[in-house]
Each structure stands twice: as structure tokens, then as C-alpha cells.
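**Q** Could you have a look at this structure, given as C-alpha cells, before my questions?
The values are calculated or read from the model by the stated rules, or taken from the named source; none is laboratory data. Quick caveat: nothing in here was measured; it's all calculated off a predicted structure. Note that we place each Cβ from the backbone using ideal geometry, even for glycine, and neighbour counts take in every protein chain shown. Side chains included, ligands, DNA and RNA excluded: accessible areas come from the protein's heavy atoms. Shrake-Rupley method; radii C 1.70, N 1.55, O 1.52, S 1.80 Å.
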Amino acid sequence: MLDNKKYRRWRHTGIATLTALLTASVLLVGGTNTVDAAVKVQAKAAQSTSLAAQYAKIQADYAAKVVVLVNKERANAGLKPLNVHDRLTKLAKDKAIDLYTKNYFDHTSPTYGSPFEMMDAYNITYRYAGENIAKGQRSPEEVVKAWMNSPGHRQNILNSHYTLIGVGYYNSEWVQEFIGK
């Protein structure tokens, strides 16, 4: 299994190698007239990788900001902050992607089943568990405000049994997963 650093290094090296091979083959087959085409291919590959990295950073920043805002709401209610749980965060992001790619809006996923079945599949143990989902909000502030204005969502955010949180964001799909042990 590759760790994240090794994967990024491998991915970067693999893209660079592939780009060099494409350039060499274009030059061999097409001569100097195709150099511009090869350069354009290289630029497009670099731009695509850069955009993906930028979007991944936005997703992570939005998720982290939601945690900060949730913990601020909990502090205002006299509750302890929630700690970020890595596997719960991965689950939340996967659920957000599933919501978007399968074009549904429901706690029960056609791919994973209920939030609790999904937690079981991700080997996440819990004594208490809950999920908040939202769609269409443009910022972490907007989504937390919407959740706090909804009694059921607010109840999850302010549940004293919950100690851990995972947040996922993908293309205006928002997911919060909560557990208490």
C-alpha cells in the first residue's frame, strides 16, 4: 500500500514520464511541426493536475471550516468540541461524491445503504451515530447556518453523546457524520 507522500511522488513521476514519452513519440512521428501540439498536450496535462489539486484543497478547506463552525456552535451551547475522525471524514467525502454522482438526496445510499451500514462497511465502531446532509449551499457558513436552522440537524450538531466528526464536501453536496463511543 502506498502512503500519501509516496503516491503523490509516484503520480507526479508517472505523469512526467508519460508526458515525456508522448512528446518523444510525437516528435518521432510528426517531426518539428508537431512540437507545438506536444507542448500543448504537456500544458493541458499540467493544468488538469493543477486544477484537480486546487479543487481537492478547496474541498478539504471547506470541510475543515465546517468543523470549526460546528465546534463554535457547540461551545456556545456549553458542549465539548468534536474531534475529527479520519475514517469518518473519508466516509463523509465518499458519501458526498456518491450523492453527486448517483444524483440522489437521501440518507440511504443506493451504493452503501444507510449511514450505519456504511459506517459498518468502513469498520467504524460507535455507540451513538448520526448524519447530516445538505445540498446547494455555497459556503461552510451557509451550510452550518442552514443546519442550525433545522431542528433535526441542529440536534445532531448539539448532541452531547457525539465526540467525533467527519465532514465531506463535493460539488455542493455536504455531509456530516457523527459518532460517540
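**Q** Write out, first by first residue and then by second, each pair whose Cβ atoms fall under 8 Å of each other, whose residues are 6+ apart or on separate chains, and whose first residue, in the range 65-89, is in contact (Cβ under 8 Å) with a residue 60 or more places away in the chain while the second is outside any loop (DSSP other than H, G, I, E, B) and open to solvent by 80 Å² or more (accessible area, probe 1.4 Å).
**A** The qualifying pairs are 65/141; 67/84; 69/141.
**Q** So, one more: Return a yes/no flag: does the range 119-129 have any residue that is β-branched (Val, Ile, Thr) and touching a Phe, Trp or Tyr at 6+ places or on another chain (Cβ under 6 Å).
**A** no
**Q** Only one residue in 41, 66, 70, 26 is in a helix (DSSP H, G or I), at pLDDT below 90, open to solvent by less than 60 Å² (accessible area, probe 1.4 Å) and β-branched (Val, Ile, Thr), so which one is that?
**A** When all the criteria are applied, what remains is 26.
**Q** Test each condition in (1) surrounded by 21 or more Cβ atoms within 10 Å (Cβ to Cβ); (2) farther than 20 Å from residue 83 by Cα; (3) hydroxyl-bearing (Ser, Thr, Tyr) for residue 139 and report the one that comes out false.
**A** (1)
**Q** So in the range 73-118, with the set limited to residues that are over 17 Å from the mean Cα position of the chain (by Cα), loosely packed, with under 14 Cβ neighbours inside 10 Å and of a type in the set (D, E, K, R), which one is nearest to residue 158 (Cα to Cα)?
**A** The residue in question is 80.
**Q** A further question follows. Does residue 52 meet the test of being modelled with pLDDT under 95, on the phi < 0 side of the Ramachandran plot and within 15 Å of the chain's Cα centre (by Cα)?
**A** yes
**Q** Within the range 164-180, does at least one residue satisfy the condition of being assigned to a loop (DSSP other than H, G, I, E, B), farther than 18 Å from residue 93 by Cα and open to solvent by 30 Å² or more (accessible area, probe 1.4 Å)?
**A** No.
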